[in-house]
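Throughout, read-outs are computed from the coordinates displayed, never taken from laboratory work. Just so you know, these numbers come straight off a predicted model, no measurement behind them. For neighbour counting, all protein chains shown are included, and Cβ atoms are generated from backbone atoms with ideal geometry for every residue, glycine included.
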C-alpha cells in the first residue's frame, strides 16, 4: 500500500482507561486466545446464571467478577433492572466500571484473521475508531476518512471535516453471522466469509441493529444510555437486549451530536445458538419491532435534555406513553430504564453529567 | 449470458463523455466488457481534434459531436454541454432503461489473477436488486450472495425499494478534491472495500460522476448539468457539476421513494492532471458547497411532485429564489435546471432526435 511512512502514530493502548466487560454463564476458555491482546487490561466478568457455580478465570488476568448475589447485594431492590439468564446482564459491568472506555465481547468470540492471514487485534481497531472523529452529517463515499489510506472525497464540505466525537464502535463477525432465528432456520449453513475492509459512520437520523458481541464505547460519554433492557428469565422476550440499547443510544447520540461507527474490527464468532430456542425468545420481538422502529424513528428529545441521563429519562417516559399500549412489558421496561439511571447515578456519583457538545 | 439479474443487454446504454480525442487505449481496455452493449460516445464540443476509435470493433457505437448537440439543443438553452457535461447529452438522447457512465480516463480493475473486474455487471446487479434506505444493515447489502439482513432488522423493511442509482468507486486516483490531493500528491487509493450499501434516506453525499449507473426511466431528468464553475476545466478537480447533480438526484430519490447505492464496483482511474494547478480553480467550487449542503439537506419537495422532472422543476425554482441571491452561479444553475426539464420534455422521449 502506498503511503508516506513517517506519519503513522502508534495506537495508544489505553491500558488504564479501558475495561473489558464479559458476560458469561459457561466458562472463559476463550480468553486464552485473546491473551496477547487483552492481558494488559482490567476485566469485569459478569457471571450469569447459577451464582454457586465457580467460573475460573485464566491465570494472569486482572479482573473483578460479579455473580447474581453480588448484583443483588450491590444494587439492592434496584437489581430488578438487571436481566437474569440473558447476556443483557453485561450492562451491570458497564455500571460498576470506573473507566472511560469499555469493550464488551461474548465468550464465544475468538480472534479472527484478516485476508493476509494476520491475527486481528480487535481491541486496537476499536480504540482507533473511538479516538478518531465520526462524520454523521454527510456520507463519505470512501468510508472513514480518518483511516490511514482514506480521506474525504471531492464535494465533502470542509466545514464538516472536523467531525464529531465517536461514542460507539460497532464491530462485526466472521463465520457465524448475527442472524435472527427465522434467517438461521432458512440458512443454517451460511457463514460470513466476506472481509469488508471499512469502518464507517452511521449517518445521523439512521437507526441500525446494534449487536453486543463485539462492541466498544466511550463510557464517559454514553454509558448511561447503554442499558440492555429486561430480557431472559421471567421476561416475555430475549435476544433484543443489544438491539434496544442500540436504538436508545443512537437516538441519544443523534441528539447530543456524537457519532456511531460500524465495520472493522472483525472477530470470529464460533457458536451458532439453537435457532428453535432463539425463535421462542425472539418471537414477540419480531412483532413488537414493527412498532418499536417507527417509535424510535420519530422520537424527539426536548431542548432540556442536555445530558445523557436526562435524555434517557425522557426516552423512558416516551416508551411508557407510546409503547405501553403495545404491551404491558414496555411499561415495566420504562420503569426499569428509570431504575437503571437511578442505579447508575448512585454508583457513579462523581461523574459530572456530560452536556451536549 | 445476455441477462444479468433480469436485465437484458438491450436495455442498457454505456455513455462515455470523450474529453480526449484518442480513445484507442480506452476502447481497447474496455472492449471485452463493453462489446455486448450499445455505446454512446459524446465528444466534448470544445475538443478540436477528431476522435480516434480503434478499427474493426464489433459493437454498436453512436458518436455525437458538437453538431448533433447544436441540432438537438439549439442555442435557446443556457446549458453548456462542454467538458464533463457533454455526457448528459448522451443521457438525454439515450432511449434505454439503464445507463452506465464511466469517465474516459478510467480502465477496468484487474483482480489477483489479472482478470478484468466487470463494473457494468456489478452496476446492473446493484440496480436490479432492492435498496434498503430506511434502516442500516450492518452486513451491508443483504441481497448479496453470502449475506443477509441481520438480527434486529425489521421484517416489514426487508423487501426494500427500487434502486435508481448506483455509485461506484475508484482505485488508484480516487475522487479527492484538489486541496486534499495537493497536500498528499503521492496518495493513491489501494483499498478494495468489498461492499455495496444503500445510502440511507435523507442522508446527503457527494455523488461522483466518474463511475455511475442509473435507471434512466425513473431518474433520468434528475441528473442535470447545472452548476458550472466560472473556471471550470477538463479535469474533475476543476468541476462540481456532478456533485450538484448528485445532490439533486439524492433529494429526488428520497422524495420519490427510490434507493441509492454506493460501493462496488471499482474502476481504475489513471493518473492525470495536477492537483496544485487545479487548486486555484476548485476553490470556488469548495466555497459554493458550504452553502449548498445545508440547503439540500433541508429540502422537502411538495407531494404533487410525483415524477423526476416535476421534482427538478420545483428544485430549480427554489434554487433561484433561495440561493440565487448569494452567488450568480446558483442563478445560472437554476436556469440550466429549468432548461434541462424543458429539454427533457421535448426530446427526452419519443423518436430519437439525432
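Of all beta bridges that DSSP places with both ends in the protein assembly as shown, some 45 percent have antiparallel geometry. Once you reduce the range B:157-225 and the range B:35-63 to the center of their Cα atoms, the two points are 25 Å from each other.
The modelled label-to-label distance between residue A:331 and residue B:58, using points 7 Å beyond Cα along the C-beta direction, is 7.4 nm.
With coordinates expressed along the principal axes, the C-alpha atoms belonging to the range B:188-264 extend over 35, 34, 21 Å, beginning with the largest. The mean number of Cβ atoms from other chains found within 10 Å of a Cβ in peptide B:262-268 is 1, as a whole number.
For chain A, set up a Gaussian network in which alpha carbons nearer than 10 Å are linked by springs, and say which option among A:261, A:204, A:284 fluctuates the most. Sorting by GNM fluctuation, first place goes to A:284. The spread of Cα positions in the range B:43-197, taken along each principal axis and listed from longest to shortest, comes to 57, 39, 38 Å. Semi-axes of the equivalent ellipsoid for the range A:202-357, computed as √(5λ) from the eigenvalues of its C-alpha gyration tensor and ordered from largest down, come to 24, 20, 16 Å.
Here the extension length gained between residue A:116 and residue A:55 equals 18.4 nm, from 0.36 nm per residue of separation less the Cα-Cα distance. Summarising the label geometry, the points placed 7 Å from Cα in the beta-carbon direction at residue B:35 and residue B:121 lie 1.5 nm from one another. Mean projection of the Cα convex hull over all viewing directions, computed for the range A:118-240: 10.4 nm². Along each principal axis, taking the top coordinate minus the bottom one, the Cα set of the range A:1-121 gives 58, 26, 24 Å in descending order. Taking one quarter of the surface of the convex hull spanned by the alpha-carbon atoms of the range B:260-354 gives a direction-averaged projected area of 9.8 nm². Can you give the translational diffusion coefficient of chain B in µm²/s, computed by Stokes-Einstein from the Kirkwood radius over Cα pairs at 4 °C and 1.567 mPa s? Rounded to a whole number, D works out at 63 µm²/s. Shown for the range B:104-187 is the translational diffusion coefficient from the Stokes-Einstein equation, using the Kirkwood radius over Cα pairs, a temperature of 20 °C and a viscosity of 1.002 mPa s: 136 µm²/s. Packing around the peptides A:164-170, B:69-75, taken as the average count of other Cβ atoms within 10 Å per residue, puts them in this order, highest first: A:164-170, B:69-75. Each peptide among B:16-24, B:257-265, B:185-193, A:86-94 gets the average number of other Cβ atoms lying within 10 Å of its residues, and from highest to lowest they stand as A:86-94, B:257-265, B:16-24, B:185-193. A Cα-only calculation for the protein assembly as shown places Rg and Dmax at 26.9, 88 Å. A Förster radius of 56 Å combined with the Cβ-Cβ distance from residue A:63 to residue B:271 puts the calculated FRET efficiency at roughly 0.55. With contacts taken as Cα pairs under 8 Å and at least 6 residues apart, the range B:253-354 reaches a relative contact order of 19 percent. Reported to the nearest whole Å, the Cα centre-to-centre distance from the range A:12-49 to the range A:96-121 is 9. For the options B:65, B:77, B:162, a Gaussian network treatment of chain B with springs between C-alpha atoms closer than 10 Å singles out B:77 as fluctuating the most. Note on A:201-209: average number of Cβ atoms from other chains within 10 Å of each residue's Cβ is 6.
Between residue B:51 and residue B:112, the modelled labels are 3.9 nm apart [label points 7 Å from Cα along Cα→Cβ].
The length gained by stretching the chain between residue B:349 and residue B:183 to full extension, at 0.36 nm per residue less their Cα-Cα distance, is 55.2 nm.
Our summary gives chain A a relative contact order of 19 percent, counting only alpha carbon pairs under 8 angstrom and 6 or more residues apart. Over the C-alpha trace of chain A, radius of gyration and Dmax come out as 19.7, 60 angstrom. Can you give the relative contact order of the range A:72-172 as a percent, counting alpha carbon pairs under 8 Å and 6+ residues apart? Reported as a whole number, the value is 20 percent. The residue A:274 and residue B:159 beta-carbon pair, evaluated with R₀ = 22 Å, returns a calculated FRET efficiency of approximately 0.20. Cα convex hull, the range B:227-310: 125 Å³ per residue, rounded to a whole number.
Taking every residue in A:258-264 and counting other chain Cβ atoms within 10 Å of its Cβ, the average works out to 1. Taking the range A:59-74 and a reference point 7 angstrom along Cα→Cβ of residue A:27, the backbone N atoms nearer than 14 Å belong to A:59. You can think of it this way: the chain between residue A:17 and residue A:98 has 28.3 nm of extra reach, that is 0.36 nm per residue less the Cα-Cα gap.
Here the average projected area of the convex hull drawn through the C-alpha atoms of the range A:182-241 stands at 6.8 nm².
For chain B, modelled as a GNM whose springs connect Cα atoms under 10 angstrom apart, the maximal fluctuation among B:218, B:227, B:116 occurs at B:116.
At the listed q of 0.22, 0.24, 0.25 Å⁻¹, the Debye profile of the range A:235-288, built from one uniform point per Cα, gives log10 I(q)/I(0) equal to -0.96, -0.99, -1.00.
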